[in-house]
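What follows draws every value from the coordinates through simple rules; no lab data is involved. What you are looking at is a predicted structure, and each value in this text was computed from that prediction instead of being measured. Note that we place each Cβ from the backbone using ideal geometry, even for glycine, and neighbour counts take in every protein chain shown.
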Protein chains: 4
Amino acid sequence: MTATAPVARVFSSDNAAGASPEIVEAVVRAASGQAMPYGADDSTASVRRRLSDVFEREVDVLPVSTGSAANALSLAASTPPWGSVLCHRDSHINNDECGAPEFYTAGAKLVPLGGEDAKIDPGELRVAARHKAGDVHSVEPSVVSVTQATETGAVYTLDEIHTIGSIAREAGLRLHMDGARFAGAVASLGCAPADLTWRAGVDLLSLGATKNGTMTADAIVVFDRSLTAELAFRAKRAGQLASKMRFHAAQLDAYLTDGLWLRNATHAGAMAARLREGLKAVPEVALLGAADANIVFCRLPQWVTEGLLADGYAFYHDRWEPGVVRFVTSFATTPQDVDHLLRAVGRHAA
Amino acid sequence: MTATAPVARVFSSDNAAGASPEIVEAVVRAASGQAMPYGADDSTASVRRRLSDVFEREVDVLPVSTGSAANALSLAASTPPWGSVLCHRDSHINNDECGAPEFYTAGAKLVPLGGEDAKIDPGELRVAARHKAGDVHSVEPSVVSVTQATETGAVYTLDEIHTIGSIAREAGLRLHMDGARFAGAVASLGCAPADLTWRAGVDLLSLGATKNGTMTADAIVVFDRSLTAELAFRAKRAGQLASKMRFHAAQLDAYLTDGLWLRNATHAGAMAARLREGLKAVPEVALLGAADANIVFCRLPQWVTEGLLADGYAFYHDRWEPGVVRFVTSFATTPQDVDHLLRAVGRHAA
Amino acid sequence: MTATAPVARVFSSDNAAGASPEIVEAVVRAASGQAMPYGADDSTASVRRRLSDVFEREVDVLPVSTGSAANALSLAASTPPWGSVLCHRDSHINNDECGAPEFYTAGAKLVPLGGEDAKIDPGELRVAARHKAGDVHSVEPSVVSVTQATETGAVYTLDEIHTIGSIAREAGLRLHMDGARFAGAVASLGCAPADLTWRAGVDLLSLGATKNGTMTADAIVVFDRSLTAELAFRAKRAGQLASKMRFHAAQLDAYLTDGLWLRNATHAGAMAARLREGLKAVPEVALLGAADANIVFCRLPQWVTEGLLADGYAFYHDRWEPGVVRFVTSFATTPQDVDHLLRAVGRHAA
Amino acid sequence: MTATAPVARVFSSDNAAGASPEIVEAVVRAASGQAMPYGADDSTASVRRRLSDVFEREVDVLPVSTGSAANALSLAASTPPWGSVLCHRDSHINNDECGAPEFYTAGAKLVPLGGEDAKIDPGELRVAARHKAGDVHSVEPSVVSVTQATETGAVYTLDEIHTIGSIAREAGLRLHMDGARFAGAVASLGCAPADLTWRAGVDLLSLGATKNGTMTADAIVVFDRSLTAELAFRAKRAGQLASKMRFHAAQLDAYLTDGLWLRNATHAGAMAARLREGLKAVPEVALLGAADANIVFCRLPQWVTEGLLADGYAFYHDRWEPGVVRFVTSFATTPQDVDHLLRAVGRHAA
């Protein structure tokens, strides 16, 4: 990213960004010499040590190639086929993975719950967690899955996560966290990762990294290590055990080195805040939703949306309701990118 | 790989190698700037064009993260759950993927057939292809899967592949090729890739690249394009649709540029030939199996095996039968690596 | 059932009844002599002829042992694993089969829709039928499933079914009918079974018979006969191809002889009407829901419910909302049974 | 079966027979009055008590509608999806259930083993039971399934079953018995059912009854009762939980009353012995295989086979190898039926 880099116009998702330079360098280093395959390499071991440090306890780690694989494998290890997954109705696992959880679990059922800002409503969860438990005519409540940060960019507070965790624990359910934007949540809350996960009862975390700086590497962080052996078989069987695992591991290792993961997320959040701040000044724009992570929802007049599209900007619009627009920033978004977008909005709104 | 690179001592598999410099460079280039996700990027389009050139016809392409995923997805698109996959009893899909085909196909059955050098015996195939067809009490023969080059490094001749193709076609079965070492087979035969695949009736090819120079990218090449839409849904659902697809595509694009894929395979084959040639000169060593691709099977005295292991060499031994050893070379193996190994064998055998 | 038969006190479901005498006699007849297994017997052929008569066209028939099997097999033949089943949120397939559809379909997704009286709202269906069609990130709308009569005893009118059928057809979706109480719906509407099914676009019908007089036999009636071969494999694989099929077929054959199926359903409906009429006269009782088939919903004071339970009556209560009670009549319910219940209600209410 | 009953000419399988009169009467009795559904009826409780008596310990029981369902459910409760089922290559689960085990287990792998008379060879089992255990690249040995009596009518001795049981236990595998002809095996051995099952380590027994006198009822007998809850969910989900369970239970209850099950099997075995004895006297006929249960294998001259077929006899021939014929007797076979067949053989052979 030099000063002459072209302005970034894709705000549709943080997956439009490339990769952090530190991660690129790690991959280049990994490319020479020999290494043992299937995770028996040094980088994979290092990733496990670094994540054990980050989470202040021994964890197991399975690097995987996508967040959908991380979610689906985690859920498959958390519910029998006749179980149910309690999740928000707007969750990625429910809407955007083409039934990956149903495939990996051999047909478990996702039970969609309501709640503001795509956060599960504890009252609804309390009822669903006991719904027909033990009744063979109905699927058995088995696991709760929360997304942190949520699909709308909101962040569960520590209290909220602990409440969810208590409900799950009391009902004997497992707890999975889809952390596609976990770093953003930690950055936003400024809390210890341990407090946000296993100390609140999280058994398995889908640790998103691709949206925050890696190329092709996400991971499952296993807090309930009694599930590790099963996950290893499931991952192999799913075609998720890379032979040259070192290339996934090198990405994750660099991601976890010197706090790069948090730095990237903090930057993405700051860019979203800058965008939000700038949009506030435009009277034709109404900001919507939470202001927690790197996602900005707002309502734009139609002519502004059309003007931005004509300028070459890419973003989701009119998908939730007419006039509602979503902008997503990333680790690679620059202040210039944001300001350029803001100027375009101002120009079309005027 | 400079002159001072350490000697490579891992001959257990070609997946112990790193990545080709051209591919590393392509990944570095792909890491800056924005790109549309999920395969809507320019590199993915380029890969499709290059493979259409290589195969002399329009093909569709799905980049995936492992060969097991390529195989399992291909088979799932080729058989109903109540179908059978006719394959060699020594095939990777039958033995080394932890039931990935059974998982992806929702429980189809692999029917293991015999044959020399891990090549399917046409006579056995002819019988199996009709076995209880149409009988609801039995699984329905649905697809043949051949490995080219085979698990022992042998290469089906063009005639052999066409015979298999005829049997499949006449019985109304699909034909899948596990091309984990496809480049090695093409290099060995010196034939047109089209002759070895769709002109022989191959519907779907698992195009291995990881063992031959890429980091994390294999692909499904779709000749029967009526299967493409189904494969796209299946891949997404399997967690195999990478958001930053450009990073897989960039690897494959470089792999297919200026014949790198064939060059790498030719080199690996030459290194195996050099090793074979050198071993011939050692009276205590008996060469075994075909001499087609980059795999060398031989029988070593136990003290030689033990000596090599003590030297830090890694390779499979005593897995097939006592005394039988397998060495695998790769695109990254140097003549020095081979000679070093040969000297060690000679020293221990003496 | 002689005059001295004990009063029937189980109104929880029509599955508490025994079997029609005509059906018992048919089973006794089937028990002697030899017959070819797996549906190659004469009774199975006769069932197919009788159903072809009933539906005024050639149909195929698969006798199965439960309604859940009929539903799950039908849905599995109607959607790929990455598809969705559009159904009412109160439907049996969604709530009461422990995920049988998800199991048989290898993980398709049930999309629950709203609507009065457990009938699918056409407006919601119209939206859901196109929702993200063709988008690999989402499950693909594939089949609509209606329950006729519905889970609350309401009956879709001919017009309503034809509207659902049009929406399905226009969106390219299949249409399945869960006819656990199909006979009751036909009896209530007084229409031709053909008009209620294939003429409205129904591809597959789960023909319930167990609740209406048979012992252990339901059936799938196949209107889209291109699905028959697939269904046969699926049924065998699911353990639903009975070796002594004649025993299922004999039940269905008698069920379809001389209009027994309709007579039984008409009787059950009349008993429900008698009950409804009687309850109207009790001021403490409020009737609820549709008055179409053999299910009566009402609101009872708590002391009446408790009194009935103390009398030995069995029925569902406080399951939908507090105070709401469901009574189900059957082919075997007698006027005396109804009057006895009414007297008990009157006594406790007074 | 009166003296004027037509001669039975179907010797293809014991599933061509009807039902025992005692069982017919039980079904007739079950048809009147009300009963609680889904196994909460008195007959189901009685079946459990009777089987606990037969097996000299508390057992759990799941009545199911077919032997394939009993097998597939049992195996699904005994292996994870990434496990393997060690069975004989000629076993019914491997060849004749259209992949039901693969379907119910969500894709486990059947590993076919050899052995005389369709009995698993202990030496082969010992190797397979440890094969790549714990290696994520391969399916995990999880359960052994034996058929008693075997598919060829042979009967494992007590010693043989105990040997299999020891191998399974030592390797940490479960043990399932496909007892489609369990009664025949007990009758042949004259042993305690407990010795043949749980005392030898059997965890789950598919108790065949349909081939031996019932109409539509088989059962799973659960010795390892830690599996019962899981089996109940799986059975419901598979469409195997009958609403009017009393009709299955009444059959099984009568089957287990006053030793009917053993009487029937003893009779079928005696009829096979009578047939075998008679065939010995025909020089053109060569008897083959074991002489344990109700199956007779022999080699017939082609003209004899053709003559019998022309007479209207039904039996399997030329399925194993040319000239080999299989006759199966049943509880309903009469001495007259056997003698009639013997006369026909003699006539054609002469």
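Some notes on this structure:
- Theoretical FRET efficiency, 1/(1+(r/R0)^6), r = Cβ-Cβ of B:ALA349 and B:SER166, R0 51 Å, to 0.05: 0.65
- Cut-off 12 Å between beta-carbons: net charge of the residues surrounding B:ARG181, Lys and Arg +1, Asp and Glu -1: -4
- DSSP-defined beta bridges in the protein assembly as shown - what % are antiparallel, rounded to 5: 50
- Among the trypsin sites (Lys or Arg not before Pro) in segment B:48-110, those located in a DSSP loop and surrounded by at most 15 other Cβ atoms within 10 Å of their own Cβ are B:ARG57, B:ARG89.
- The GluC sites (Glu not before Pro) of segment D:1-84 that meet both conditions, a loop assignment by DSSP and at most 12 other Cβ atoms within 10 Å of the site Cβ, are D:GLU58.
- Residues whose amide H falls under 5 Å from that of D:LEU288, counting only those 5 or more places apart or on a different chain, are D:PHE297, D:CYS298, D:ARG299, with hydrogens built in the peptide plane.
- Residues whose amide H falls under 5 Å from that of C:TYR316, counting only those 5 or more places apart or on a different chain, are C:ARG326, with hydrogens built in the peptide plane.
- Diffusion of the protein assembly as shown by Stokes-Einstein, at 37 °C in a medium of 0.692 mPa s and with Rh set to the Kirkwood radius over alpha-carbon pairs, works out to 97 µm²/s.
- Chain D - convex hull of the alpha-carbon atoms, volume per residue in Å³: 132
- Kirkwood analysis of segment A:6-62, using all unique Cα-Cα pairs, places the hydrodynamic radius at 14.2 Å.
- From largest to smallest, the equivalent ellipsoid semi-axes obtained for segment D:210-333 from the alpha-carbon gyration tensor read 37, 17, 14 Å.
- Within segment D:279-350, the percentage of alpha carbon pairs spaced more than 20 angstrom apart rounds to 22%.
- Restricting the trypsin sites (Lys or Arg not before Pro) of segment C:247-338 to loop positions (DSSP other than H, G, I, E, B) with no more than 11 neighbouring Cβ atoms within 10 Å leaves C:ARG319.
- By the helix-only formula, in which each DSSP H run with n ≥ 4 contributes -39500 (n - 2.57) and the sum is divided by residues, chain C has a 222 nm mean residue ellipticity of -12000 deg cm²/dmol.
- Equivalent ellipsoid, segment D:126-165 (semi-axes from 5 times Cα gyration tensor eigenvalues, Å): 27, 11, 7
- Estimated FRET transfer efficiency when R0 is 60 angstrom, pair B:GLU116-B:GLU25 (beta carbons, to 0.05): 0.90
- Dipole-positive endmost among C:THR157, C:ALA19, C:ALA31 within segment C:1-160 (Cβ charges, Cα centre): C:ALA31
- Shown for A:THR257: label points 7 Å from Cα along the beta-carbon vector, and their distances to the equivalent points in the other copies, 2.6, 7.9, 8.3 nm in ascending order.
- Kirkwood hydrodynamic radius (C-alpha pairs) into Stokes-Einstein, segment B:94-200, 37 °C and 0.692 mPa s, D in µm²/s: 226
- B:VAL7 label point (Cα plus 7 Å toward Cβ) to equivalent points in the other copies: 6.0, 8.5, 9.8 nm, shortest first.
- Normalised contact order of chain B, rounded percent, pairs of Cα under 8 Å and 6 or more residues apart: 24
- Placing unit charges on the Cβ atoms only, positive for Lys and Arg and negative for Asp and Glu, gives segment B:78-182 a dipole magnitude near 340 debye about its Cα centre.
- Three semi-axes describe the equivalent ellipsoid of segment A:215-288; taken as square roots of 5 times the Cα gyration tensor eigenvalues and ordered largest first, they are 38, 16, 12 Å.
- Highest GNM mean-square fluctuation among B:THR214, B:THR334, B:THR150, for chain B modelled with Cα contacts below 10 Å: B:THR334.
- Student exercise, segment C:194-350 dipole from Lys, Arg, Asp, Glu Cβ charges, in Debye to nearest 20: 340
- Cα centroid separation - segment C:303-325 against segment B:226-286, whole Å: 69
- Rounded to the nearest 20 debye, the dipole size of segment A:266-350 about its Cα centre is 100 debye, using +1 on the Cβ of Lys and Arg and -1 on the Cβ of Asp and Glu.
- With viscosity 1.306 mPa s and temperature 10 °C, the Kirkwood radius over alpha carbon pairs of segment A:29-167 converts through Stokes-Einstein to a diffusion coefficient of 94 µm²/s.
- Per the axis that maps chain A onto chain C, nearest residue of A (Cβ criterion) and its distance in Å: A:GLY107, 2
- Karplus-derived 3J(HN,Hα), 6.51/-1.76/1.60, for each residue of segment B:213-225, Hz, glycine and proline x: x, 7, 8, 9, 10, 10, 7, 9, 9, 9, 8, 8, 6
- Teacher prompt: C:TRP303 distances to equivalent labels in other copies, 7 Å Cα→Cβ, nm: 7.1, 9.3, 10.2
- Normalised contact order of segment A:1-129, rounded percent, pairs of Cα under 8 Å and 6 or more residues apart: 16
- Under 5 Å from the amide H of C:GLU140 lie the amide H atoms of C:GLY83, C:SER84, each residue being 5 or more positions distant or on a separate chain, with H modelled from the backbone and absent for Pro and chain starts.
- For segment A:160-305, share of DSSP beta bridges that run antiparallel, in % to the nearest 5: 65
- Cα pair distances in segment B:45-119, grouped into 10 Å bins until the bin that holds the longest one, percent each: 19, 38, 30, 13
- Rounded to 5, percent antiparallel among DSSP beta bridges of chain B: 50
- ³J(HN,Hα), Karplus 6.51/-1.76/1.60, whole Hz, each residue of segment C:338-350, x for Gly, Pro: 5, 5, 4, 5, 5, 4, 5, 4, x, 4, 6, 6, 5
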